1. Which whole-Hz couplings ³J(HN,Hα) result when phi for each residue of the range 36-48 is put into the Karplus expression 6.51 cos²θ - 1.76 cosθ + 1.60, θ = phi - 60°, listed in order with x for Gly and Pro?
2. Any idea what angle helix 246-270 forms with the longest principal axis of the chain, computed on alpha-carbon atoms, 0 to 90 degrees, nearest 10?
3. Over the range 119-184, what lengths in whole Å, largest first, do the semi-axes of the equivalent ellipsoid take, defined as the square roots of 5 times the eigenvalues of the alpha-carbon gyration tensor?
4. What list of ³J(HN,Hα) couplings, whole Hz, do you get for the range 225-239 from phi and the Karplus terms 6.51, -1.76, 1.60, once you set θ to phi - 60° and write x for glycine and proline?
5. Which percent of Cα-Cα pairs in the chain sits in each 10 Å bin, short to long?
6. Helix-only mean residue ellipticity at 222 nm, the chain, DSSP H runs n ≥ 4 weighted -39,500 (n - 2.57), per residue, nearest 500. What is it?
7. Report, by chain and number, residues whose modeled amide H sits under 5 Å from the one on Ser89, excluding near sequence neighbours (fewer than 5 apart, same chain).
8. Could you estimate the translational diffusion coefficient of the range 37-106 from the Stokes-Einstein equation, with Rh from the Kirkwood formula over C-alpha pairs, at 4 °C and 1.567 mPa s, in whole µm²/s?
Amino acid sequence: MVAIVGDMESAIDVSKTSWASKPFQEIKEIGEREGSILVVPIGSIEQHGNHLPVATDTILVEAVAHFGAERVADEVPLLVTPTVWTGFSPHHLPFGGTISLDFDTLRQMIEQTVDRALENGFDAVLLLNGHGGNMPLVDGVVNTIGSQHSDTEILGLTYFELATEFIHDIRESDNGGMAHGGEFETSLLLHLRPELVGEERKATYWDEPYDRGSKDLLNGGPLAVYRTFEEYSASGAIGDPELASAEKGEEIFNLLGVELEDLLREIHGQNR
């Protein structure tokens, strides 16, 4: 059990999918099976306002990774590595509580992790990202690793983008209400780790002045803009956590599991 998931042990049988819990012989046996997949979750340690823990991105991506993997573990040979718990978060540093690696340091860490892990024979690698600030880096690392491992399929995905197919049937907030520490992430934490969610929840909708800039967690916009989060929010959170609920979190989490299960099956089929 990876400690940061905590209470999810009762809900997810990570013993089937956790790299860290296996002896080395079993890791190699799984890696050498046809169509094997290595999942590398990548999170962050950064402020999420006054009501969510700094490990929010790491907790959520780790839980989603193991939940999706557990759903296919009886049919698909795969393992989930320990989560890369810190990310690239310079825009959160002014609030404190954030541990951000340099861009190149994180890139090299992911590249070297995958490089060593692939010595165990895996046919495909899925870099499963949980932090918006990591997205350009993960996209780039897919290419740098892929160019060095031409016989292995390297893929990258930010887990919350799996929700684009279903989130409009669940959300109550307007555009901008599902952002950093908003309705989406707070609902998931209320379902997975309610003891970590504080009561001080105030709506601050994402107000990006550029029309083509990001407006919501699931509406990234084509224009990249650098701003520290102080310019968006006094609390460090953006969105509407007042509309969050454990019931929404459970529905979102289950549907994310379905989407990731489908993707893992597809990756397995493509690499058999």
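1. Residue by residue, the range 36-48 yields 6, 10, 10, 9, 10, x, 10, x, 6, 10, 7, 4, 10 Hz.
2. 30
3. Three semi-axes, in Å: 31, 12, 8.
4. With the stated coefficients, the range 225-239 comes to 9, 9, 9, 6, 5, 4, 6, 9, 7, 6, 8, x, 9, 10, x Hz.
5. Reading the bins upward from 0: 7, 31, 37, 20, 5, 0.
6. That calculation yields -10500 deg cm²/dmol at 222 nm.
7. Correct list: Leu101.
8. For the chosen part, D equals 99 µm²/s.
The values are calculated or read from the model by the stated rules, or taken from the named source; none is laboratory data. Please read these numbers as outputs of a predicted model, since none were measured by experiment. Cβ coordinates were reconstructed from backbone atoms using ideal geometry, including for glycine residues, and neighbour counts include every protein chain displayed. Ligands, DNA and RNA are excluded from the accessible area calculation, which covers all protein heavy atoms including side chains. Shrake-Rupley method; radii C 1.70, N 1.55, O 1.52, S 1.80 Å.
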